[in-house]
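Take a look at the structure below.
Only the coordinates and a few stated rules stand behind these numbers; no lab work does. Owing to the predicted nature of the structure, the values given are computational and were not obtained by experimental measurement. Glycine also receives a Cβ, built like all others from the backbone with ideal geometry; neighbour counts cover every protein chain displayed.
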Amino acid sequence: MTNKIFVILTILFISAKISFSQNSKWINYTDFKNISSIASDNTNSNLYCASSGGLYIADAATEKIISKFTNLNGLINNELTALIIDNNRRLWIGASDGSISILDLQTFEWSYIFDIKNSTETNKAINYFYQSGNFMFIATGYGIQKVSAINFSFIDAPYYKLGNYTINTPVYSITANNNILYAATKAGVAYANLSLNLNNPQVWTNFNGLSMFSNVKTIESYDNKIFAGSTTGFDYFDGINWQPYPNSNIATQNTKFIKSASGKLYFISGSTVYFTQSTDLNSVTQFLPSNNYSTLTSNNLRGVVAGLSDNGIMINNDFVFPNGPFTNIFNQIVIDENNSLWAAGGVTNAGFYDFDGSEWENYNRSTHPEIGNSDWFQKIRVGNGNVWALGYGGGPTLIQGSTVFNYNTTNSILPGIPSDPAFCASSGGSYDNSGVFWVSFFSTNTGRSLYAFVENQWIGFVNPSILGQATLSDIAVDSYNTKWIVSSGSRSGVYFFNENGTLTNPADDVSGFYDNASLGGDVTNVNSVIIEKNNEVWIATNNGVFIINNPLAAVQNPNQPPAPQKLGIISGNLKVPFTENCISITNDILNDKWIGTETNGVFHLSPDGSTLIEQLNTAKTPILSNKIISIAVSTKTGRAYFGTQKGLSSYATDAIEPVTDFDKIIASPNPYLVPSDVNLKIDGLIENSKIKIVSLSGTIIDEFDSPGGRIAFWDGRDDKNEVAPTGIYIIIAYNKDGSKVGTGKVAVVKK
């Protein structure tokens, strides 16, 4: 037998809000439709629904959403996996990271258990809760934990080895009958008498035969028998022998969940919910029509309620879930001129989504069949009042207000791919300075990977020999109308192209290529490219960021373009190369850079990239993931949005576009207590304002330039770096030639 040191965990129990709760600078948006568990509060009509995006409460009577919870208002982690309401009306909420959040349903106070999350176990997922008397048995990715349901203290060391099964075998579900504890595991079923030492592997009996050789996902006690379901079948134990389920059509089906309720046995078999009764197990009745069911619960008002993996919960044949994005995947995000956010899902069934600041609208073939014959949209772009969703298979889709039109191989000259002439794989796009929309293609059967859309016509450009079998994606356009395009596949790097203003005359086209070697020996992938406010080309790679500060020179001499410079960040007195795996990048209205990485969250840098302003990651902030696959910053509100594979996070910044003319300068806080760790916020500026802080006697206390946007800051000190004395001060802001002036007041109080 494999030996392992068993350590009795000391409970880490906290009866206070976790640090990220009620963080006013952050908002997280997630998809709540993927239901993993439901708990019914039988003192009222509430249903508690665990999903991959958090927790929501639905009223079974009205089918309305009462409230929802994420890591910003109570939860430790949004990827929820298990729920139970204990005998004291406390909701236990388990998550994929091993965290347990406990919500008292009478006081709505939160408590937390971090022991499993903070352990050294490899698979920490909380898969199931089962209460027996005053104890909660917790099925985890490494075995079973026994916890007091009274004071949350851990009882015994973890039950790591269940009979002959391999140590740390994942446990998916638990039940009990006649003082015997039964566990559904990855290796089969294990069961033992609760009165014995469950840490002793020899007290456990194993069963993995008939149709259940492995991956037993669900187990339930009914009619003094134990019913267990696996990915390959359905068996039951009569107390002496294990037997296949008597209905042969059911016995070999993928049995996802079993629930005993109201004297009947309900179960999800394949894509259907059935029920049976103890008097005739062979006779099964379809309870719900076929769908993607994942779990069941019993509710006093509605009876058995089903959860789905993609559509919330079903009440009275209605799907009930909070409004939100269609999935948690945000492959690319952009913000249009109305400050609506658009996102491409990036996976085969996600489509694309629109968020107007209040409600999400999801575009897929079910809701908007006019988007084309595929829901696989990789990228999304906005400009000139239009939105372009760029898809694999269906081609590009144009959204103009309420009109949606899809371009594909049947209604345009757009290409298919070599293996399928009907599969149109658009993968990147951007408007140029003349209002022409350019689209790149992942693969084509025409020898053309770049197309322009102008006056409702498509124009294709023959690939130059330097492209080879490249697959193109992201496009950025500089002020000279040069297209800078991310290339991967057999020709990885950055392709640049300029048609010299003549779309139909290829003779004057200019193109060139930066391969990975020209970006540095450790670069294997180029992931994104932008043109920032100084017309520099910034290239995000697996080994940092590279900058081309003179893009005109590239088209003037494409055979010898200027060498890219690697971004370095000043640390101490040294400039250290930035070597993060960078997968997304953008700049804001102040030209600050926002870089999303594969594993370390977001790096917010100064305009030249030399200074790290802040790093945003899951250890320090409520951001949903450290893998940031897309970023956009609203110029109207200053909110930075971070697209991940676990949802969308937004973060309040001061990078807000300036006003066109001075109205009123507002200072906050006012009065301003000095010295202070918080700078005075000066709001209402035009672009590139100059600011003076002046006493009532006319003395200039301090003067400085604004960062460039609507907001600037003052530290409460004079030009000699001394704290300003108590008094009323006039704030004067003006443009360079003094033709526009704005004023405001602030009361300064010296501590």
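One entry in (1) 1.21; (2) 1.11; (3) 1.28 is Cα Rg over 2.2 N^0.38 Å calculated from the shown coordinates; its label is (2). With the simple spin-label model, which puts each label point 7 Å out from Cα in the Cβ direction, the residue 242 to residue 571 separation comes to 5.4 nm.
Using a simple spin-label model with pseudo-atoms 7 Å out from Cα toward Cβ, residue 419 and residue 692 lie 7.0 nm apart.
Taking 0.36 nm per residue of separation and subtracting the Cα-Cα distance, what length does fully extending residue 339 through residue 106 add?
Here the segment from residue 339 to residue 106 would lengthen by 79.8 nm.
Spread over its residues, the convex hull of the C-alpha atoms of the range 13-320 is 124 Å³ per residue.
Which of the GluC sites (Glu not before Pro) found in the range 340-449 are loop residues per DSSP with 15 or fewer other Cβ atoms within 10 Å of their Cβ? Don't skip to the answer; put the middle values down first.
Working: sites: 359, 361, 370; in loops: 359.
Listed in order of number, the matching sites are 359.
Take the alpha carbon atoms of the range 179-208, find their center, do the same for the range 552-577, and report the distance between the two centers in whole angstrom. Answer, in whole Å: 63. As a calculated quantity, the FRET efficiency between residue 517 and residue 598 at R0 = 22 Å, using C-beta atoms, amounts to about 0.55.
Full extension of the chain between residue 316 and residue 205 gives 35.8 nm of extra length, using 0.36 nm per residue less the Cα-Cα distance.
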